[in-house]
Every structure is written in structure tokens, then in C-alpha cells.
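See below for the structure under consideration.
The values are calculated or read from the model by the stated rules, or taken from the named source; none is laboratory data. Remember, predicted model here, so these are calculated numbers, not experimental data. For neighbour counting, all protein chains shown are included, and Cβ atoms are generated from backbone atoms with ideal geometry for every residue, glycine included. Ligands, DNA and RNA are stripped out before the accessible areas are found, and what is left, the full protein with its side chains, is counted by its heavy atoms. Shrake-Rupley method; radii C 1.70, N 1.55, O 1.52, S 1.80 Å.
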Amino acid sequence: MAITSTAKIRPRALVRASGGPRYAVALAVDALGTGLLRPFLLLYGVTVLRLSAPVTGIAMTAGIVMGLVCMPAVGRWLDRGARSTVVAASMLVRVLGVALLLATPAGHAWPFATAALFLGIGNQAWPAAHAALVATVAHGRERDTALAAGRALRNAGLGTGALIATACLTGGTTALQALAAVTGVAYLAAAALAWSVHLRADPAAAPAGAGATDAAPTSAPAPAPAPRMRALLAANVVYVFCLNVPEIALPLVLVTQLHASPVWSAAIFVANTVLVVTLQVPVTVLMSRFSRRSVLALAGVVLTVSYLGFLVATSLGPGWGAPAVAAVSVVCTLGEIVYAGSATALVTVLAPAHALGRTLARFELSTGFGLAVSPAAITALAPHGPAALWGGLAGATLLSAAAVATEKDQGTQPKDSGAGPSGSAASTSGALSASS
């Protein structure tokens, strides 16, 4: 169902809808610190701690997996009303991880694994905690835009941090240790800022599905069951492969199959970051005239088209292949932007207020699982040729889009339309203002 009105972005109101100025600064500082260390954690284990690459990789993977195991507890904590406290905790636990990392003697794998565990817990817990906080502050399409703004801000911080870290790597192991220390300080400062927001929710006082409307309830309805979202969760595992395409799939294809310069991979990664930062909010606002579920299905179609485009581009071979891959990567990034702007927003609308935390935790479990398995799946498919890699991804993503489009919502809203109960652009008066 389409909305006839258009939405405008009001920056100051958008900051308020995203948690306020202090919280926005906390997000920026946290993202900057994460960008300083996370891309180089493997390098830290190998060069500073002198661990083997397999041991370092296994420790990092174990940290991610254990972080996923903690998600149900995070969901229950959120459902008890905690908001800014959970966000701050996700940052503080990473301070512990960085402290352990700095204290780990060279050649000792277990302290490094423990540090990776704390870092993994914080990295996995943060998205659900952040989404729950924004869902408490903002409603309707204002919430969608606030979530999109948070993603754009985080990508900007991650990219800036990674650029600073790359420039500092010439300093060797000393520089890596200094970057880790700065990361710990950044996490601590971000945690203090996030905690100072002092935001809590009272799920028992809100009607089921209150996240979808700002209207006061006329009576207290019985608590609605948490939505199963089986098709959505399964599809999300496939959708999130797009997040690792610029970092893993394209560098692998460009270097090993097209024998292109690594500069192409770096350029694609930078372009991806710039496009996400600049277009995430405008595209999300543009798509607000359609239902979130329809937009999420559309994202799958766009990603499918991009994967088929990569299949054609790689068939051009060395020479024209690399520029063609770079051009198609723009389409893939657009699909990623549409996906990121609709997926979490749809989940927050489907979830009843009393089960928002658990519902977001289940969604982040599917996201984390997809991110964990996608590198192995991509590297396993790539040696079998472009048809196996891109054809397989295209087929799986198209099936996922179909599953998302046809799944029936079992939450408090019978369907997620862009207007009415699920929050129209016309109903929001904060970050968005509607005009005919």
C-alpha cells in the first residue's frame, strides 16, 4: 500500500528521535573506536601476540559464537525495561575485552580468546540494545529513519576509524597496541555517555504493538504472543550475505579470478561506505511510502539483480571485468541500503511491546549467524566458478525475498502497511514531516 505524502528530514528532530545529542555522540565515539581495532584484531593476534593465524581466527570465531549465545539473556534484560543501561553494558564489556587484550603476554592464546569473547559479546549485544532504545524514543516512520541515521553514523565512524588505523599501521606493533588502548578509552567514554541518557521503558504499561502507533490505547488488551517470523528470520540469514560481499566475495573474485589490482577492492569498499553514509537516510525516507515488508522483499530482488550482474561482469575476464564488478557493486550497495533500512524496522513493528527485546534478540541471532557462516560459504563456493558463487547467492536471495513477501504477520498488526497502524509518514511530527 503506498502513501501519497512525501517525507522531509529534520536533522535536529532526527537526533532527538535517535536518542538525543549525548547518545548520538556515544554512537559516534563507539563506532570510531571500533573502526580503530576490529578490522585489525586478527593482525594484532598474529603480529603483537605472535599467535598463529589459525589459532587467532578460531579465537575470534569463538568470540562471535559465544556472543550469539548470550543474545537470549540480552533480550530478556531488554524486556524488563532496560534500555540505555544495556547499550552502555555492551560498550563496557568491550572495555574489558580491550584491557585483556593489552594485558595478554605474547604467545598466550587463552587470554586472547577471552578478550575476543568479551569483544564478541559486546559486538553482538549492541545492535539489539540500540534498536530497542530507538524503538522506545521514536515511533512509526520516525523510528525507521532514526534507525537508518544510526546506521549511517556508525558506518561513518567505522570508516573514519579504519582510515586512521591504516595510516598508523606503519608504526608496527607499538602502533597496534596504541590503537587498542585508544579503542578502550573510546568504549569507556561511549559507555558513560550512553548510560547518562538514563532511558528505561515500561513494557507492561504499553499496549501490544505500541511501537507501531503513537495513539493512546482505549483499553488494555491482553499481551500478544511474540511473532514467530520463521520465514523472515531464515531469509535474514541469506540477506546478510550482502554485508560481506564488499569485504570478502569481491576481493576474492577480483584478485584470484580476475587478477586485478587490490586497489579495485579498496575502491569498492570505500565507495560502499560512502554510499551507505550518504544514502541510508534518504533512501529509507523515500521507501517510507511503501510497506516495510514490501521494501524488504524489494531489497532481495535488488540484491539478486546485483549478484546476476556480478556473474556477467566476471565473465568478461581480466581487463573489463574489474571495472564492471565495481559498477555492479553500486547496485549491490543500494540493495544493502534498502535491506538495512527496512529489516530491523519491520521487526520492531511486528514485536509486541512486552517482547520487543526477545524479538530483536532472535533477529540479531539470525543476523549474527549469517555473518558467521557467510565467509565460509563464499570461500567454499568461489573455487567452483562464478556460476556457483553468484548463481547460488542469486537463487537463495530470490527465494528469501519471496518468503518475506508471502509470510503472514502473526504479531499485533494483521499487515504492515506504510500507513495506518504501522505508522505513516504523515503521522510523525518529529524527524519526519509530511507534505502532500
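Numbers for the structure displayed
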read-out: Helix-derived mean residue ellipticity, 222 nm - over the chain, DSSP H n ≥ 4, -39500 (n - 2.57), to 500; value: -22500 deg cm²/dmol
read-out: Size of charge dipole - the chain - debye, nearest 20, with Cβ of Lys, Arg +1 and Asp, Glu -1, no other charges; value: 600 debye
read-out: Label point distance in nm, Ala109-Ala62, each placed 7 Å from Cα along Cα→Cβ; value: 0.8 nm
read-out: Within the accessible area of the chain (1.4 Å probe), percent carbon and sulfur; value: 71 percent
read-out: Cα-based equivalent ellipsoid, the chain: semi-axes from gyration tensor eigenvalues, Å; value: 34, 28, 19
read-out: Distance between region 81-121 and region 22-44 - C-alpha centres, whole angstrom; value: 13 Å
read-out: Alpha-carbon Rg with Dmax, taken over region 44-107, Å; value: 14.9, 44
read-out: Additional length obtainable on full extension of the chain from Val270 to Ala380, 0.36 nm per residue less Cα span; value: 37.0 nm
read-out: Whole-Å distance, taken between Cα centres, linking region 370-402 and region 302-353; value: 13 Å
read-out: Residue-level accessible surface for Cys70, protein heavy atoms, 1.4 Å, Å²; value: 50 Å²
read-out: Phi to ³J(HN,Hα) by Karplus 6.51 cos²θ - 1.76 cosθ + 1.60 over region 285-294, Hz, x for Gly, Pro; value: 5, 4, 7, 5, 7, 10, 5, 4, 5, 5
read-out: Accessible-area order (highest first, 1.4 angstrom probe) of the listed residues Leu199, Leu153; value: Leu153, Leu199
read-out: Contact order relative to length of the chain, as percent, for alpha carbon pairs under 8 angstrom and 6 or more apart; value: 29 percent
read-out: Full-extension gain in nm, Leu43 to Val69, via 0.36 nm per residue minus C-alpha separation; value: 6.8 nm
read-out: The chain - accessible surface per residue (Å², probe 1.4 Å); value: 41 Å²
read-out: Length released on extending from Val55 to Ala402, taking residue separation times 0.36 nm less the Cα-Cα span; value: 120.9 nm
